[in-house]
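What follows is a short report on a single structure.
The values are calculated or read from the model by the stated rules, or taken from the named source; none is laboratory data. Values in this document were obtained by computation on a predicted structure and should not be read as measured data. Because the Cβ atoms are built from the backbone with ideal geometry, glycine has one as well, and the counts that use them run over all protein chains shown. Side chains included, ligands, DNA and RNA excluded: accessible areas come from the protein's heavy atoms. Shrake-Rupley method; radii C 1.70, N 1.55, O 1.52, S 1.80 Å.
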Amino acid sequence: MAGLLLMNCSMNAQQTNPLLQHESEITGIIKSMTLEEKVNMLHGKNMFSSAGVERLGIADIEYADGPFGIREEMEPHSWKGLGWETDRATFFPTGSALAATWSRDIAYQYGKAMAIEARLRGKDMILGPAMNIQRIPTGGRTYEYLSEDPILSGQLAIGYTLGAQDNDEAVCLKHFALNNQENMRGFVNVNVTERAMREIYLTPFEMAVKQGNAYGVMAAYNKVWGRWCSENDLLQNRILRIEWGFRGIIISDWGGTHSTVGAAIGGLDVEMPGNTYMGQALIDSVRSGAVPMEVIDAKVRNLLRVRMAITPVPKDKANKEVTSQPAQQQIAYQVASKSIVLLKNADNLLPIGKKVKTIAVIGDNATRKMAQGGVGAGVKALYEITPLEGLQTALKGKAKIIYAQGYEPQPRARRGQNANLDEWKKKAETMKAEAIEAARKADMVIFVGGDNREVETEGSDRTNMNLPFNQEELIEAIATVNPRLVTVMVAGAPVDLRRVNPATKALVYSWFNGSEGGHALADVLTGKVSPSGKLPFTLPVRLEDSPAYALGVFPQKAQAGSSDVFVDLVNRDNFRAEQKADADYSEGILVGYRWFTTKNVKPMYPFGYGLSYMPFSYSDPKAEVKGGNLEVSFKLTNAGKKEAEEVAQVYVARPDSKVERPKYELKGFERVSVKGGTTQDVTITIPMEQLRHWNEFQHAWNIEKGKAIIYIGTSSVDLPLTVEVEI
Ligand code: BGC
């Protein structure tokens, strides 16, 4: 009976899976193709496309770098922009900002908006979402990735995937897998327990493949268990395809292919962007018998499935209008306004009151645009509202704004030259004096600082969490002349707040928040929108408190005989074979808040944390196992005057477990809007499968029977309700 049921389910999935609608047609096409035509599909044609078959009327596949805006048009074989005007796109809030909304529905809108803009540009597949677990606070791509938790990351990736693919655009989940650091990413080998790999690092991908039916996956640069991801039979063939039933394409990261036979047999479908390994060398390998023709045919089938599931945009229809359009800009605003996290609000300094007549806005990030920078993912944005512009619009006619830059980023040394630090330091003194003067004259100060896109960047990790450019000193100096100080952190990753937190009355995290970021920030600061974002990662007190640093397993050193090179992002052929480094994930499953709560390490601000202007309270918890789900319900009261949104969170502990467990783990969450002065019933349905753990002896998932304690509340440490249930 159970077997029958399973069969029926998979038949239904086949009937409805858009990737499987043309199987017999595809068989016919493959039969009619020459080996050269087949292999021609299996590598980059241009920097961002792979070939179709012109003779058969099969269009190329056009890829577009996301994940947070459609990247500009580039020359066919270089990274040089074409300098067009129509390719100006909407800059959407970056990954950690999207994750701070804790909303699969918002992620759906985000994916949809990205899809609409991608299609305007003639693209078939967005290279995103980027969704590796934020393992270390200093990770160069933390801002681009989603969260430190697999369920949160997975739900957001499902939303993004469905939103894009329901709108005729494929996604490409990246980077599969365990690309959790940028240092040495081109050759580092990840040693991780099977359990941590499954429960923490692979789960978000599994969710997006199984529940989102993602059409594409990008193999990561690094190695896992001694094998390059792009030729990793375990990850690509056994887990992704056989176990999860993935039917789409696996493409390499740019320059991340390392062999012909290994990659072909190991599961890679498309080498990007060139044809070093999967061009003539692949043809030769088939002819010599090293790669069977069935392997090639299977890859061509995967490509044709994706090609047929997505309607090609005719070349003469692409790039006719400007990519960024009002409807998508509105979505960028929605995401941004729900992502902003209020960490501290002493004396209810926020929202900005009516009595405030003069505001000093201080800080380089008040006017800095964040759409581009660092090395990789960047958006040629049509526009970007800065925090200062947002505040000027929102406060027009209500308060006077005085702006002082306060500090400026430290100049970087150019090759063969030292940076002129003396001049920079002299200028810093003047800027500081101007800022203090502005603060003294104002009723309130809004300091807008944090990182920028040079500090948080692809290709390298930060060496520490310090707030750069002496901002702490400046913030403290400002606070002494005007204690009515709000600090806004524009950053995509954790920063050290030990000095900032006590110096400032109100503290806000506002991310790299997209084209509409300045409007969203102003609306939160002025109270038009009650803040509802929640931290998607733990903000540690000290870097050494976070697991990989506490255990001394990050940063690692490249082994003797090799140098820690920066991957050359222009000529991506310089991964030298002799370079070696191991990343030991010794913390196992205790990643992020799982470490902090289990080891009783107090963070600066915990995972899931974020205040509201409205007083929310939780009551009346219930939990029951019903129809294969764990149903958790409770009441959520907004005792304030205005409607506001709150993200309610459910964590589950297994006190009698036979295996190591974190103190508790996030299993469900819901963004709820509650009218002022009302109480709402909330039910969060958690599929039983989410209570699973990986059994390392059986190499399989288990759901343990016994007691579960359900914790309900507003962050990973503020959990006022508990209820027990038998599993
Ligand atoms: C990044 C990918 C990106 C690709 C193409 C790589 O360096 O890791 O995320 O999609 O470049 O730009």
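Filter region 162-193 down to the residues that are more than 16 Å from the ligand (Cβ to nearest atom) and open to solvent by 10 Å² or more (accessible area, probe 1.4 Å) and list them by number. Of everything in region 162-193, those that are more than 16 Å from the ligand (Cβ to nearest atom) and open to solvent by 10 Å² or more (accessible area, probe 1.4 Å) turn out to be Leu162, Gln165, Asp166, Asn167, Asp168, Asn189, Asn191, Val192, Thr193. Residues in region 268-290 that are over 36 Å from the mean Cα position of the chain (by Cα) and not polar (S, T, N, Q): Ile283, Asp284, Val286, Arg287, Gly289, Ala290.
With respect to being farther than 22 Å from Met197 by Cα, open to solvent by 40 Å² or more (accessible area, probe 1.4 Å) and charged (D, E, K, R), Arg305 falls outside the description.
Scanning region 93-132 for residues that are of a type in the set (S, T, N, Q) and either in contact with a Ser or Thr (Cβ under 6 Å, 6 or more places away or on another chain) or not in a helix (DSSP H, G or I) (or both) returns Thr94, Thr101, Ser103, Asn132.
Answer yes if at least one residue in region 399-411 is among the β-branched types (Val, Ile, Thr) and assigned to a loop (DSSP other than H, G, I, E, B), and no otherwise. No, that holds for no residue. Listed by position, the helices (runs of 4 or more DSSP H) enclosed by region 1-92 that each have at least 3 residues that are modelled with pLDDT of 95 or more are 23-31, 35-40. Only residues that are within 18 Å of Leu202 (Cα to Cα) and within 16 Å of the ligand (Cβ to nearest atom) were counted in region 249-282, giving 6.
Considering only residues in region 686-708 that are of a type outside the set (D, E, K, R), open to solvent by 30 Å² or more (accessible area, probe 1.4 Å) and part of a strand (DSSP E or B), the one that is farthest from Leu611 (Cα to Cα) turns out to be Ala700. Among the residues of region 78-93, those identified as in contact with a strand residue (DSSP E or B) (Cβ under 9 Å, 6 or more places away or on another chain), open to solvent by 20 Å² or more (accessible area, probe 1.4 Å) and touching a residue at least 40 places away in the same chain (Cβ under 8 Å) are Gly81, Arg88. Somewhere in region 667-679, is a residue touching a residue at least 60 places away in the same chain (Cβ under 8 Å) and of a type in the set (Asp, Glu)? The answer is no; no qualifying residue exists. Check region 252-262 and report whether any residue there is open to solvent by less than 10 Å² (accessible area, probe 1.4 Å), small (Gly, Ala, Ser) and under 25 Å from Ile61 (Cβ atoms). Yes: one or more hits. Scanning region 488-502 for residues that are touching a residue at least 60 places away in the same chain (Cβ under 8 Å) and touching a Gly at 6+ places or on another chain (Cβ under 9 Å) gives Val488, Val490, Ala491, Gly492, Ala493.
Here the condition is being assigned to a loop (DSSP other than H, G, I, E, B) and in contact (Cβ under 8 Å) with a residue 12 or more places away in the chain; of Gly416, Gly459, it holds for Gly459 alone. Out of all the residues in region 194-206, is one or more more than 16 Å from the ligand (Cβ to nearest atom), surrounded by fewer than 24 Cβ atoms within 10 Å (Cβ to Cβ), part of a helix (DSSP H, G or I) and small (Gly, Ala, Ser)? Yes, region 194-206 contains a residue that is more than 16 Å from the ligand (Cβ to nearest atom), surrounded by fewer than 24 Cβ atoms within 10 Å (Cβ to Cβ), part of a helix (DSSP H, G or I) and small (Gly, Ala, Ser). Within region 290-302, which residues are in a loop (DSSP other than H, G, I, E, B) and either among the hydrophobic types (A, V, I, L, M, F, W, C) or open to solvent by 60 Å² or more (accessible area, probe 1.4 Å) (or both)? Result: Ala290, Val291. Filtering region 651-676 to residues that are assigned to a loop (DSSP other than H, G, I, E, B) and either at pLDDT below 95 or under 30 Å from Pro531 (Cα atoms) (or both) leaves Pro662, Lys663, Tyr664, Lys675, Gly676.
Taking region 466-527 and the helices (runs of 4 or more DSSP H) fully enclosed by it, the elements with 3 or more residues that are modelled with pLDDT of 95 or more and β-branched (Val, Ile, Thr) are at 471-481.
Return the residues of region 308-359 that are in a loop (DSSP other than H, G, I, E, B), crowded, with 18+ Cβ neighbours inside 10 Å and hydroxyl-bearing (Ser, Thr, Tyr); say none if nothing qualifies. Those that are in a loop (DSSP other than H, G, I, E, B), crowded, with 18+ Cβ neighbours inside 10 Å and hydroxyl-bearing (Ser, Thr, Tyr): Thr323, Ser324. The set of residues from region 127-149 being within 14 Å of the ligand (Cβ to nearest atom) and acidic (Asp, Glu) comprises just one member, Glu144.
Taken over region 28-39, the criterion of being open to solvent by less than 50 Å² (accessible area, probe 1.4 Å) and of a type in the set (Val, Ile, Thr) is satisfied by Ile29, Ile30, Val39. Only a single item in (1) away from the ligand (no atom under 13 Å from the Cβ); (2) over 22 Å from the mean Cα position of the chain (by Cα) is not met by Ser78, and it is number (1).
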